[in-house]
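Before any comments, here is the structure.
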Amino acid sequence: MRIRDIAQSRVRYGYKRIHVLLRREGWLINRKKVHRIYVSEGLSLRHGKYFRKRRSQIRIVPAPPTGPNQRWCMDFVHDSLADGKSIRILTVVDTFSREAVLLECGRSMTGKHVANALEKLSHGHEMASFINVDNGSEFISKALDDWAHWKDVKLDFSRPAKPTDNPFIESFNGRFRDECLNQTVFEDLEDARDKIEQWRREYNEERPHGSLGNRTPREFLRDFDLNRAEEMRV
């Protein structure tokens, strides 16, 4: 059952990586036995019937976060520079406060780049317990998996072709493209990084959000901390 659970949430993981996850969880099972179960359950990546069944699975909806840095969501957005060269932006959003935690810009972004960006962020920002991601190659990479393991961060994978499993990041990416990317010309990569970071600060500190009672994410977090402190005094 646990092998099926892992394979259904991380649909691009083979039996070897599933075996590694099982060993981390304390299961005393060798790789050959994992392979036998993996094959007998029809979980092979080349098994067409499995993918059709996988998409029809009902995903368990996680409990909503009750505070900041409990659950983040993460994705990529594509854009281009003035000379036509493409860039990718890693977007990370807190689903509780709607804060844009990170916008990391680069020409190419591998799993190692994602892990390095999150590690750098962790030096000055509390990390989330869960991060919602899709099944992109960067997010199922060994580099990100190893980083998440050592940081005790759980990667929550959405179903393939199901953007509704991660609605917060989809909504944020739409606003990011509409309010920043479509309105700005980036001369080069450094210019893109500067302008995108400026927009991130404005988004967190100046832009009112209807879902937050027309407060900015920073105002919402400030009020949340004040209310929590008042409850503790009472």
| For His209, distant residues with modelled amide H under 5 Å away | Asn214, Arg215, Thr216
| Inter-part distance where segment 87-123 and segment 185-234 are each reduced to a Cα centre, Å | 16
| Inter-probe distance in nm under a simple model that places probes 7 Å from Cα toward Cβ, at Asp194 and Glu179 | 2.2
| field | Förster-model FRET efficiency, 41 Å R0, His78 and Glu231, C-beta, rounded to 0.05 | value | 0.40
| query | Pulled fully out, how much extra length does the chain show between Lys32 and Glu126, if you take 0.36 nm times their separation in residues and subtract their Cα-Cα distance? | reply | 29.9 nm
| said: I'd like the carbon and sulfur percentage of the solvent accessible area for the chain, probe radius 1.4 Å, heavy atoms only, ligands and nucleic acids excluded. | reply: 50
| Once the Cα gyration tensor of segment 84-134 is found, what semi-axes does its equivalent ellipsoid get, as square roots of 5 times the eigenvalues, in whole Å, sorted largest first? | 20, 13, 10
| request: Compute the normalised compactness of the chain: alpha-carbon radius of gyration over 2.2 N^0.38 Å, N being the residue count. | output: 1.13
| request: Subtract the Cα-Cα distance of Lys151 and Arg218 from 0.36 nm times their separation in residues, and report this length gain in nm to one decimal. | output: 21.6 nm
| note | Sorted by chain and number, the residues with a modelled amide H under 5 Å from that of Ser80, at a separation of 5 or more or across chains, are Ile87
| note | Under 16 Å by backbone N from the virtual spin label 7 Å along Cα-to-Cβ at Arg88, the residues of segment 143-157 are 143-145
| query | Of the beta bridges DSSP finds with both residues in the chain, what % are antiparallel, to the nearest 5? | reply | 70
| request: Could you run the Karplus curve 6.51 cos²θ - 1.76 cosθ + 1.60 with θ = phi - 60° over segment 106-122 and give me ³J(HN,Hα) per residue in whole Hz, x for Gly and Pro? | output: x, 6, 9, 9, 9, x, 5, 4, 5, 4, 5, 5, 5, 5, 4, 4, 5
| Under the classification rounded if a/c is under 1.5, otherwise prolate if a/b is larger than b/c and oblate if not, where does segment 137-234 fall, given a ≥ b ≥ c as square roots of the Cα gyration tensor eigenvalues? | oblate
| message | Through the Karplus equation 6.51 cos²θ - 1.76 cosθ + 1.60, θ set to phi - 60°, convert the phi angles of segment 76-88 into ³J(HN,Hα) values in whole Hz; use x for Gly and Pro. | response | 10, 10, 9, 7, 9, 7, 4, 8, x, 5, 7, 9, 10
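The values are calculated or read from the model by the stated rules, or taken from the named source; none is laboratory data. Model, not experiment: these values are computed from the prediction. Every residue, glycine among them, receives a Cβ derived from its backbone with ideal geometry; neighbour counts consider all protein chains shown. For accessibility, only protein heavy atoms count, side chains too; no ligands or nucleic acids. Shrake-Rupley method; radii C 1.70, N 1.55, O 1.52, S 1.80 Å.
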